[in-house]
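Take a look at the structure below.
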Protein chains: 2
Amino acid sequence: MSNQNPVCEEDVVICTHIHLIRNLRDVPFVSKMSRSERQKLEQRVASAVSENEGLSRVFRFIDMESLSKTEAVSLVERFLISADFLSDCRGRGLFVNEDETVSVMVNEEDHIHLQCEQAGLNLQKAFEKADGLDDILDKSLHFAFDENLGYLTQNPVNLGTGMRASLTLHLPALREGGGVSRISTNLSKLGLALRGALGSGAEPKGAVYQLSNHVTFGLSEQEAIANLQSIAMQLIEQERAARTELAESLEIQDTVSRSLAILQSARMMADDEFMQLISNVRFGVAAGLIDPIDYGELNRLMIMVQPATLTVAGGRKLTPTERRSLRAEKIRDFLQKLNA
Amino acid sequence: MSNQNPVCEEDVVICTHIHLIRNLRDVPFVSKMSRSERQKLEQRVASAVSENEGLSRVFRFIDMESLSKTEAVSLVERFLISADFLSDCRGRGLFVNEDETVSVMVNEEDHIHLQCEQAGLNLQKAFEKADGLDDILDKSLHFAFDENLGYLTQNPVNLGTGMRASLTLHLPALREGGGVSRISTNLSKLGLALRGALGSGAEPKGAVYQLSNHVTFGLSEQEAIANLQSIAMQLIEQERAARTELAESLEIQDTVSRSLAILQSARMMADDEFMQLISNVRFGVAAGLIDPIDYGELNRLMIMVQPATLTVAGGRKLTPTERRSLRAEKIRDFLQKLNA
């Protein structure tokens, strides 16, 4: 999540993703392809990348078949691939740049699913990067595009721009007030989806949500982005107002203060508890209840100690107890280094 | 709990109390006395105290009728009076020295209930102090003593020595192992009582217990003390062995580490939670799981933030929220000063 520019609205917006879904003109959709055809497509994408000096310098290729289950899940935790991409790894591959802000899934639901990430709210910058990459790849791969339907995709819901813009939001105060599901219902009428980013329950882990457009047809990329940006700004203001109110509560101040102390001192830390505590701390920083901690660092910590990513870092299979212990250790070290 | 001598077994024994129960020869038992008779007795005790230079210099008198309910409850929390002493304050008074290690209740169940406290396990020293005070008071007040029955007391269970020796023990590991009730049953056959010191449930607050003799007849003070001392040493060894085992557990290490961090950082602290956390910290110090903290300081903190004592320090009636907030503040300040 490195970014030279100032990061916008990062008290609420963790990061911005632009996804572009593309298919090659002369190749059947993924569901109709054999494994060897998929491997051949991987080769073609690899050639397209290697032909471009800019891309070949920054991208590395990960053959999904070569990964352990844990390594693959870690890619999901790092927002590099979708959970669906794991269901069948055969003939699937991933191109990813060094800081993991740009990636290309090959043979997910569609031939090409490219994704650009920016820290905070930065739809325009993320789109420009994705658009540039799209142009380069299109030159060699020739994406299927129809004058009336736009980019052709396997699932018709993606027809048109084939673009999903998505914001990862931290909404602890709106969640606390119970307003998220009402907001979510209203947004759905505006062509946007707001849903928990982590965990499947009504109370998503860490109060992390994803706001994205679900209409790709009948409006341009810029219109979709402007729409999302405008709604996001309203949501951000609502969250901030709710936070200001919440921060007055002594109970909340207590919770925030304890949460940081527990992260700094625990010897065992379960994933669910961690997500709740880091959410409390992030809120506390935003509300000025505790000393500032860089949001980017909090985001990094959040990803670093996710179950699979932690296990990969551990270098071997871990028992649940070992994982909780390693997580607590990583968190303590991380926070101590930040303070040093 | 100040003490020049090294404090013995203070990892398990919080403090030692010797109680002596006495009645004046020429005065009816308390239950038969009118309020004015009780006040007259207070006067006689006051005279006995003032006649002795050593006593008059160190004792102050507290008329129980002059206290607010909260101030009176604070005396219970500081182990200076019994809870029964509060039930009816009329004609009742308390003499107490400056560091609150020696006190005399006048007109509790009996005319005189004197009490000496020592930090840690120190039955002999506490008894010597109590015995010396007893001798001084006896000279002026002439306690009722029968060749066959010993000291005469209103309740026959106290006949004989009229002495209760009691040890305040911290038994977190034995409690955790569930062994306390079994031990308690066995001790009762040996003429000793082991019961929770704080709270009335099966799980006494803070794992604080009281071990005391319940036989005062048929054996001398020295025999009773030797008996209690010997049983206490066995109990201390059992607790230490259980602690060593418990300290191996990662869960327990986690609990201890978190408990200290929460005490250092909470903004609100309920009494029950505090007692559990301070118990965990005390255990952690004893087991070497955290940096040493002086036991005497932990004991001081434990008393300082008890509900009534805290309210008295607050100087006004506190709402439950204010009390929890003040408690958290006192604890944070106290621990910070210890670290400084």
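The values are calculated or read from the model by the stated rules, or taken from the named source; none is laboratory data. Since the structure is predicted, the reported quantities are computational estimates derived from the model, not experimental observations. Glycine also receives a Cβ, built like all others from the backbone with ideal geometry; neighbour counts cover every protein chain displayed. Heavy atoms of the whole protein, side chains included, go into the accessibility calculation; ligands, DNA and RNA do not. Shrake-Rupley method; radii C 1.70, N 1.55, O 1.52, S 1.80 Å.
What are the label-to-label distances in nm, one decimal and shortest first, from B:Lys337 to the same spot in the other copies, with labels 7 Å along Cα to Cβ?
The projected label point of B:Lys337 is separated from its counterparts by 3.8 nm.
Which whole number gives the average count of other chain Cβ atoms within 10 Å of the Cβ atoms across peptide B:324-337?
Per-residue shielding by partner chains comes out at 1.
Per the helix-only calculation at 222 nm, which mean residue ellipticity applies to chain B, given -39500 (n - 2.57) for every DSSP H run of n ≥ 4 and division by its residues, nearest 500 deg cm²/dmol?
After summing the helix terms and dividing by residue count, I get -15500 deg cm²/dmol.
Points 7 angstrom from Cα along the Cβ direction at B:Thr244 and B:Asp99: gap in nanometres?
With each label point 7 Å from Cα toward Cβ, the separation is 3.3 nm.
Using the reciprocal of the averaged 1/r over all distinct C-alpha pairs, how large is the Kirkwood radius of region B:152-210 in Å? Present the calculation step by step, with values, prior to reporting the outcome.
Details: mean 1/r = 0.0789 Å⁻¹.
The answer is 12.7 Å.
How many percent of the alpha carbon pairs in region A:45-102 exceed a separation of 14 Å? All intermediate terms of the calculation are to be shown ahead of the outcome.
On the way: 900 of 1653 pairs.
Result for the distance tail: 54 percent.
So which residue, out of A:Glu51, A:Glu71, A:Glu109, gets the largest mean-square fluctuation from a GNM of chain A using Cα contacts under 10 Å as springs?
In this elastic network of chain A, the residue with the biggest mean-square fluctuation among A:Glu51, A:Glu71, A:Glu109 is A:Glu51.
Quick one: divide the alpha-carbon radius of gyration of region B:250-339 by 2.2 N^0.38 Å and tell me what you get. Can you show the working numbers first?
Details: Rg = 12.9 Å, N = 90, 2.2 N^0.38 = 12.2 Å.
Against the empirical 2.2 N^0.38 Å value, I get 1.06 for region B:250-339.
What are the semi-axes of the equivalent ellipsoid of chain B, taken as the square roots of 5 times the eigenvalues of the Cα gyration tensor, listed largest first and rounded to whole Å?
Ellipsoid semi-axes (Å, largest first): 35, 25, 17.
Given springs between every Cα pair under 10 Å in a Gaussian network model of chain A, which of A:Val281, A:Val312, A:Val13 has the largest fluctuation?
Among A:Val281, A:Val312, A:Val13, the largest mean-square fluctuation in the Gaussian network model of chain A belongs to A:Val312.
Once you put a point 7 Å from the Cα of A:Ala340 and another 7 Å from the Cα of B:Ser82, both along the Cβ direction, what distance in nm separates them?
Between A:Ala340 and B:Ser82, the label points sit 5.9 nm apart.
What do you reckon, how do B:Phe29, A:Phe217, B:Phe59 stack up by accessible area (1.4 Å probe), largest on top?
A:Phe217, B:Phe29, B:Phe59
Given label points at 7 Å from Cα along Cα→Cβ, what nm distances, shortest first, separate A:Val215 from the same residue in every other copy?
9.0
Can you give the percent of C-alpha pairs in region A:229-293 whose distance is more than 16 Å?
When every Cα pair of region A:229-293 is considered, 50 percent fall beyond 16 Å.
Over what distance in Å are the Cα centres of region A:281-340 and region A:27-104 separated?
28 Å
Work out the length of the dipole vector of the protein assembly as shown about its Cα centre, built from +1 on the beta-carbon of each Lys and Arg and -1 on the beta-carbon of each Asp and Glu, and round it to the nearest 20 debye.
Around 660 debye, computed over the protein assembly as shown.
List the DSSP H helices in chain B whose Cα atoms stretch 30 Å or more along the helix axis and whose mean Kyte-Doolittle hydropathy is at least -0.5.
Counting only whole DSSP H runs, the qualifying helices are B:221-246.
Could the peptides A:33-43, A:121-131 be put in order, highest first, of the mean number of other beta-carbon atoms found within 10 Å of their residues?
Descending packing order for the listed peptides: A:121-131, A:33-43.
What is the distance, in nm, between label points placed 7 Å from the Cα along the Cα-to-Cβ direction at A:Asp135 and at A:Asn186?
Label at A:Asp135, label at A:Asn186, 3.9 nm between them.
For A:Lys40, give me every one of the aspartates and glutamates with a C-alpha distance below 18 angstrom, ignoring sequence neighbours fewer than eight places off in its own chain.
A:Asp26, A:Glu51, A:Asp63, A:Glu65, A:Asp88, A:Glu108, A:Glu109, A:Asp110, A:Asp138
Just give the residues from region A:239-263 buried by at least 30 square angstrom of accessible area in the all-chains context relative to the isolated chain, probe 1.4 Å, and say none if nothing qualifies.
A:Leu250, A:Glu251, A:Asp254, A:Ser257, A:Arg258, A:Ala261, A:Ile262
Considering only DSSP states other than H, G, I, E and B, which trypsin sites (Lys or Arg not before Pro) in region B:241-340 qualify as loop sites with at most 11 other Cβ atoms within 10 Å?
Hits after loop and neighbour filter: B:Arg316, B:Lys317.
Listed here are the pairs A:Lys129/A:Lys205; B:Lys205/B:Lys317; B:Lys69/B:Lys330; A:Lys205/A:Lys317; B:Lys125/B:Lys205; which of them are more than 26 Å apart at the Cα?
Result: A:Lys129/A:Lys205; B:Lys125/B:Lys205 exceed 26 Å.
Can you list, shortest first and in nm, the gaps between the label point of B:Phe61 and those of its counterparts in the other copies, using a point 7 Å from Cα in the C-beta direction?
Once sorted, the set of distances for B:Phe61 reads 9.9 nm.
Report Rg(Cα)/(2.2 N^0.38 Å) for region A:124-230, keeping two decimals. Mind dumping the intermediate values first?
Working: Rg = 16.0 Å, N = 107, 2.2 N^0.38 = 13.0 Å.
This ratio for region A:124-230 stands at 1.23.
Roughly how many debye, to the nearest 20, is the charge dipole of region B:28-139 about its Cα centre, given +1 on each Lys and Arg Cβ, -1 on each Asp and Glu Cβ, and no other charges? Each step should come with its number before you reach the end.
Details: 14 positive and 22 negative charges, 70 e Å.
Roughly 340 debye for region B:28-139.
What percent of all Cα-Cα pairs in the protein assembly as shown falls into each 20 Å bin, going from 0 up to the bin containing the maximum distance?
15, 35, 22, 17, 9, 2
Would you check the accessible area of B:Ser31, probe 1.4 Å, heavy atoms only, in square angstrom rounded to 10?
About 80 Å², rounded to the nearest 10.
What three numbers, in Å, describe the spread of the alpha carbons of region A:191-320 along their principal axes, ordered from the longest?
Answer, in whole Å and largest first: 53, 42, 27 Å.
Over what distance in Å are the Cα centres of region A:119-154 and region A:179-250 separated?
24 Å
Which chain B residue puts its Cβ closest to the axis that rotates B onto A, and at what distance in whole Å?
Smallest Cβ distance to the axis, with its residue: B:Ala261, 2.
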